[in-house]
Amino acid sequence: MSENGMMEKDEIFSKVLRAGRRTYFFDVRATKADDYYLTITESKKFTNADGSFHYKKHKIYLYKEDFEGFSEILNEMTDYIVNEKGEEVISDRHQKDFKKEYQEVEVESENNPSPEKFTDINFEDI
């Protein structure tokens, strides 16, 4: 098969989801036996100090025999997140003015030293 024929096979069906610095590509591809499978690619844009940029990509290959289980677990996990935390995005990366509703208070004592003073040694204890 020619390279062009292979390229046409790879481009069976595609969708793109742009989400900030991330882009998700959903592509239906064909195996050598002409069966279909799904690839999901996450592409994330990073900007270098000099203003240039590069992308990091992660890819998942999902075959038909795994569709049902994958779909069930994905739906269960997304339902759990929405049920527990709602649909509102509450990440400080997404909302610059986000403030925690509570503030953790660490109590420092002899039995519970702060992490910064963990290496401090009290010679009276020896």
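Restricting attention to segment 48-55, does a residue exist that is exposed (fewer than 10 other Cβ atoms within 10 Å of the Cβ) and in contact with a Phe, Trp or Tyr (Cβ under 7 Å, 6 or more places away or on another chain)? Within segment 48-55, one or more residues are exposed (fewer than 10 other Cβ atoms within 10 Å of the Cβ) and in contact with a Phe, Trp or Tyr (Cβ under 7 Å, 6 or more places away or on another chain).
Quick one: would you say residue 28 is β-branched (Val, Ile, Thr) and modelled with pLDDT of 95 or more? Lay out the reasoning, then the answer.
Details: β-branched (Val, Ile, Thr): yes; modelled with pLDDT of 95 or more: yes.
In short, yes.
Whenever a residue of segment 35-58 is more than 14 Å from residue 23 (Cβ to Cβ) and outside any loop (DSSP other than H, G, I, E, B), its partners that are of a type in the set (D, E, K, R) and at pLDDT 90 or above, lying with C-beta atoms within less than 8 angstrom and at least six residues away or across chains, give the pairs 36/29; 36/64; 37/29; 37/64; 38/27; 38/29.
Scanning segment 9-27 for residues that are surrounded by 11 or more Cβ atoms within 10 Å (Cβ to Cβ) and within 21 Å of the chain's Cα centre (by Cα) turns up 14, 16, 17, 21, 22, 23, 24, 25, 26, 27.
The values are calculated or read from the model by the stated rules, or taken from the named source; none is laboratory data. Keep in mind the model is a prediction, meaning the values are calculated, not measured. When we count neighbours, we look across all protein chains shown, and the Cβ atoms used for this are built from the backbone with ideal geometry, even at glycine.
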